[in-house]
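> Below is a structure I'd like to ask you about.
The values are calculated or read from the model by the stated rules, or taken from the named source; none is laboratory data. Every value quoted in this text rests on a predicted model; they were computed, and no experiment measured them. All Cβ positions, even for glycine, are placed from backbone atoms using ideal geometry, and neighbour counts span all protein chains on display.
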Amino acid sequence: MASDNGIEVEALVRVFGDEIRAVDDVDLSVAPGEIYGFLGPNGAGKSTMVLMLVTLLPPTAGRATVAGFDVARQGPQVRSVIGAALQESALDDFLTGTEHMDLQGGLHGLSRNERRRRGAELIERVGLSDAAGRKVGGYSGGMKRRLDLALALLHRPAVLFLDEPTSGLDPQSRSALWAEVERLSREDGVTVFLTTQYLEEADVLADRVGIIDHGKLVAEGTPTALKAGIGKVSLEATPANPNDREKLTAVLARFGEPAAASPKSVAVRLAAGAEQLADVVRALDGDGVEVADLQLHQPSLDDVFLQKTGRSLEGDDDSQSAA
């Protein structure tokens, strides 16, 4: 394990074409052994950042080092100390899980005995022992993501990059992957750079998070500190009659600023906190607005994103060619 396996990014820029600044003057620092969650909607610049840090895409400007190696000038050294499980896997449907591990180990220069031992250990760790001898073409999406993780760990990397690692996974597979990532950081001291759109994932795993929007880093800190900065609880209400949504919005607007809500609901951050609930209920009754559901929520990372950008993080369909 490298003694300095952190990540340092200074004024990093990536421009596509003449005007698309997918990553726009970003500074960030990830400490050795830290799990850093990089959040943002589709098209925000998350994957572009990862591609630069793993040396698959050259920066337009700025500087970045991974485990002390410059990503633009020392690509081979960077690649020797990192593992990466990117959105697009490079699995061969006609090879078994064991054959994938053996091939990857050979590419990393591991001996035959080490490939077998390490491969079997990782296959078991990600819960694929029963499927190790089956061709990957018959694997589910969750099984392929877990095999990707095992392959990324084969050569004991100092820094692990995970780009949307649980996208499309069922809850059980997602929890298993979370547990393994947490163990890697806690027990092995691996630095983890994790991009995700899932707020729960960042809350559960990340020591710190950075929120990117339109290529710019708009917030950074621990999940607890970022949520504490919002300070106010939110109230989410669902009208009993969908036609009353506008009336419901007007009533709630008297009590605070808009907050993230599910598609059929309306939410506000209560200006005076939870003690306003009784006043809200009286106002709804006075305006003849019947609600099917009324819930108080503590501040979330989505509230942080909404405050910083004016839009919700989860469920955002915004996309562009430079993800």
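> In this structure, does L235 turn out to be part of a helix (DSSP H, G or I) and either crowded, with 19+ Cβ neighbours inside 10 Å or more than 16 Å from the chain's Cα centre (by Cα) (or both)?
Values: part of a helix (DSSP H, G or I): no; either crowded, with 19+ Cβ neighbours inside 10 Å or more than 16 Å from the chain's Cα centre (by Cα) (or both): yes.
When the stated conditions are applied, L235 does not pass them.
> Hey, another quick one. From A250, A272, which residue is aliphatic (A, V, I, L, M) and outside any loop (DSSP other than H, G, I, E, B)? Explain how you work it out, then say what you get.
Details: A272 fails: outside any loop (DSSP other than H, G, I, E, B).
Exactly one residue qualifies, and that residue is A250.
> Of the conditions (1) under 30 Å from H108 (Cβ atoms); (2) assigned to a helix (DSSP H, G or I), V192 clears all except one; give me its number.
Here V192 meets the rest and fails (2).
> Turning to a different aspect of this structure: Suppose the filter is at pLDDT 85 or above, surrounded by fewer than 20 Cβ atoms within 10 Å (Cβ to Cβ) and either out of contact with any His (no Cβ under 6 Å at 6 or more places or on another chain) or in the same structural domain as Q298 (by TED's automatic domain parsing) (or both); does D207 pass it?
When the stated conditions are applied, D207 passes them.
> Let me ask something else. For S89, state whether it is outside any helix (DSSP H, G or I) and in the same structural domain as D203 (by TED's automatic domain parsing). Spell out how you get there, then give the answer.
Numbers: outside any helix (DSSP H, G or I): yes; in the same structural domain as D203 (by TED's automatic domain parsing): yes.
Here the answer is yes, as S89 does meet what is asked.
> Also, quick follow-up: When you go through (1) part of a helix (DSSP H, G or I); (2) surrounded by fewer than 18 Cβ atoms within 10 Å (Cβ to Cβ) one by one for L177, which number turns out not to apply?
The failed condition is (2).
> Right, another one. Could you check A131 against (1) at pLDDT 95 or above; (2) under 21 Å from the mean Cα position of the chain (by Cα) and say which number it fails?
Here A131 meets the rest and fails (2).
> A follow-up question, please. Would it be correct to say that K216 is of a type in the set (D, E, K, R) and over 19 Å from T48 (Cα atoms)? Step through it out loud before you land on a result.
Working: of a type in the set (D, E, K, R): yes; over 19 Å from T48 (Cα atoms): no.
In short, no.
> Still on this structure, I have one more. Taking the range 51-92 only, how many residues are of a type in the set (A, V, I, L, M) and over 19 Å from Y36 (Cα atoms)? Steps first, please.
Quick first cut of the range 51-92, residues of a type in the set (A, V, I, L, M) only: 51-54, 56-57, 61, 64, 66-67, 71-72, 78, 81-82, 84-86, 90-91.
Of the ones still in play, those that are also over 19 Å from Y36 (Cα atoms) are 56-57, 61, 72, 90-91.
Total meeting the criteria: 6.
> While we're here: Would you check if S167 is surrounded by fewer than 23 Cβ atoms within 10 Å (Cβ to Cβ), small (G, A, S) and touching a strand residue (DSSP E or B) at 6+ places or on another chain (Cβ under 9 Å)? Give the steps one after another, and end with the answer.
Working: surrounded by fewer than 23 Cβ atoms within 10 Å (Cβ to Cβ): yes; small (G, A, S): yes; touching a strand residue (DSSP E or B) at 6+ places or on another chain (Cβ under 9 Å): yes.
Yes: the conditions hold for S167.
> Out of all the residues in the range 109-147, which are surrounded by 15 or more Cβ atoms within 10 Å (Cβ to Cβ) and closer than 19 Å to L86 by Cα?
If the condition is that a residue be surrounded by 15 or more Cβ atoms within 10 Å (Cβ to Cβ) and closer than 19 Å to L86 by Cα, then L122, I123, V126, V136, Y139, G142, M143, K144, R145, R146, L147 are the ones that fit.
> Please work out if R156 is among the charged types (D, E, K, R), in contact (Cβ under 8 Å) with a residue 60 or more places away in the chain and outside any helix (DSSP H, G or I).
On the way: among the charged types (D, E, K, R): yes; in contact (Cβ under 8 Å) with a residue 60 or more places away in the chain: yes; outside any helix (DSSP H, G or I): yes.
For R156, the condition - among the charged types (D, E, K, R), in contact (Cβ under 8 Å) with a residue 60 or more places away in the chain and outside any helix (DSSP H, G or I) - is met.
> Filtering the range 80-107 down to residues that are among the polar types (S, T, N, Q) and within 19 Å of T48 (Cβ to Cβ), which residue is nearest to the chain's Cα centre (by Cα)? Walk me through it before giving the result.
The initial filter retains those residues of the range 80-107 that are among the polar types (S, T, N, Q), namely 80, 87, 89, 96, 98, 104.
Checking which are within 19 Å of T48 (Cβ to Cβ) leaves us with 87, 89.
Details: Q87: 12, S89: 17 Å.
Residue satisfying both the conditions and the ranking: Q87.
> Here is a follow-up. Which condition number in (1) hydrophobic (A, V, I, L, M, F, W, C); (2) without any contact (Cβ under 8 Å) to a residue 40 or more places away in the chain; (3) not in a loop (DSSP other than H, G, I, E, B) is the one that A72 fails?
In the conditions (1) hydrophobic (A, V, I, L, M, F, W, C); (2) without any contact (Cβ under 8 Å) to a residue 40 or more places away in the chain; (3) not in a loop (DSSP other than H, G, I, E, B), A72 misses (3) alone.
> Look through T55, T65, T60 and report the one residue that is among the hydroxyl-bearing types (S, T, Y) and buried (at least 21 other Cβ atoms within 10 Å of the Cβ). Spell out the reasoning first.
Details: T65 fails: buried (at least 21 other Cβ atoms within 10 Å of the Cβ); T60 fails: buried (at least 21 other Cβ atoms within 10 Å of the Cβ).
Result: T55 is the single residue among T55, T65, T60 that is among the hydroxyl-bearing types (S, T, Y) and buried (at least 21 other Cβ atoms within 10 Å of the Cβ).
> Only one of T55, T65 is β-branched (V, I, T), part of a loop (DSSP other than H, G, I, E, B) and at pLDDT 95 or above. Can you tell me which?
Details: T65 fails: part of a loop (DSSP other than H, G, I, E, B).
Residue meeting the stated conditions: T55.
> So if I check each of V192, V266, V280, which one is β-branched (V, I, T) and closer than 28 Å to G33 by Cβ? Walk me through it before giving the result.
On the way: V266 fails: closer than 28 Å to G33 by Cβ; V280 fails: closer than 28 Å to G33 by Cβ.
After applying the criteria, what remains is V192.
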